[in-house]
Amino acid sequence: MNEPNFWRTEIWHPLVLHFPLAVLLLATLAKLIAAFTNHEPASFWQRAGSYLLYFGWVTAWLAVYTGNMADGVVARKICDPTVLKLHQIAAYNTAYLFTGATALDILFYYGLLRNYTRYIRVAIVVLMLVGSGYLVYSGHLGARVVYQQAGGVRVPSADCAEYN
């Protein structure tokens, strides 16, 4: 008897990765809005962007972890593992860039970088923009693994007998 689909390790990755995908893009958008608004609304958007960034940063590393779990299953079943490797590299670059933005944001929040307010905020937004670019690229490569090579997908038999 086969294990339930829920316990397959390659299933955990798509369940987890959609959180950082949405949250980190929203965090980047919030930080961009904060950069172009007045003092009062900018404070709200800065805080919102920071909270989204922190949550997205944690879930990004969780997505990398579950992706590494899925790698052992998926890599043996696909035709071109170089796409999977590029996906993994882009995912790590994404996580590292958002980790850098998170570290700067936390240091700034605790007042350790107050003398460089403008430069630090610009650096955070730049890291987040580049990280968002890698996030989209990583998602594109992940879609290629799943939809072009059926990575992590169980292909039923021709008569679908296992579902009767």
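The values are calculated or read from the model by the stated rules, or taken from the named source; none is laboratory data. Quick caveat, the model's predicted, so the values are computed rather than measured. Note that we place each Cβ from the backbone using ideal geometry, even for glycine, and neighbour counts take in every protein chain shown.
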Pick from the range 75-86 the residues that are among the aliphatic types (A, V, I, L, M) and in a helix (DSSP H, G or I): which of them is surrounded by the most Cβ atoms within 10 Å (Cβ to Cβ)?
-> 84
Between a first residue in the range 42-55 that is touching a residue at least 12 places away in the same chain (Cβ under 8 Å) and a second residue that is of a type in the set (Ser, Thr, Tyr) and surrounded by 15 or more Cβ atoms within 10 Å (Cβ to Cβ), which pairs have beta carbons less than 7 Å apart while being 6 or more apart in sequence or on different chains?
-> 53/102; 54/102
If you take the residues of the range 87-108 that are of a type in the set (A, V, I, L, M) and surrounded by 17 or more Cβ atoms within 10 Å (Cβ to Cβ), which of them is farthest from residue 48 (Cα to Cα)?
-> 90
Qualifying position, being over 30 Å from residue 163 (Cβ atoms) and not in a helix (DSSP H, G or I), among 59, 37, 28 = 37
Does residue 153 meet the test of being of a type outside the set (S, T, N, Q), more than 19 Å from residue 22 (Cα to Cα) and touching a Lys or Arg at 6+ places or on another chain (Cβ under 9 Å)?
-> yes
Is the range 88-107 home to any residue that is in contact with a Lys or Arg (Cβ under 8 Å, 6 or more places away or on another chain), modelled with pLDDT under 95, assigned to a helix (DSSP H, G or I) and over 20 Å from residue 22 (Cβ atoms)?
-> no
Could you pull out the residue among 72, 67, 56, 111 that is surrounded by 14 or more Cβ atoms within 10 Å (Cβ to Cβ), small (Gly, Ala, Ser) and over 16 Å from residue 143 (Cα atoms)?
-> 56
From the options 7, 45, residue that is in contact with a Ser or Thr (Cβ under 8 Å, 6 or more places away or on another chain) and not aliphatic (A, V, I, L, M) = 45
With the condition kept exactly as written, say whether any residue in the range 18-30 is within 15 Å of residue 142 (Cα to Cα), under 16 Å from the mean Cα position of the chain (by Cα), modelled with pLDDT of 90 or more and not hydrophobic (A, V, I, L, M, F, W, C).
-> yes
Within the range 114-150, considering residues that are farther than 20 Å from residue 29 by Cβ, crowded, with 17+ Cβ neighbours inside 10 Å and under 14 Å from the mean Cα position of the chain (by Cα), the one modelled with the lowest pLDDT = 142
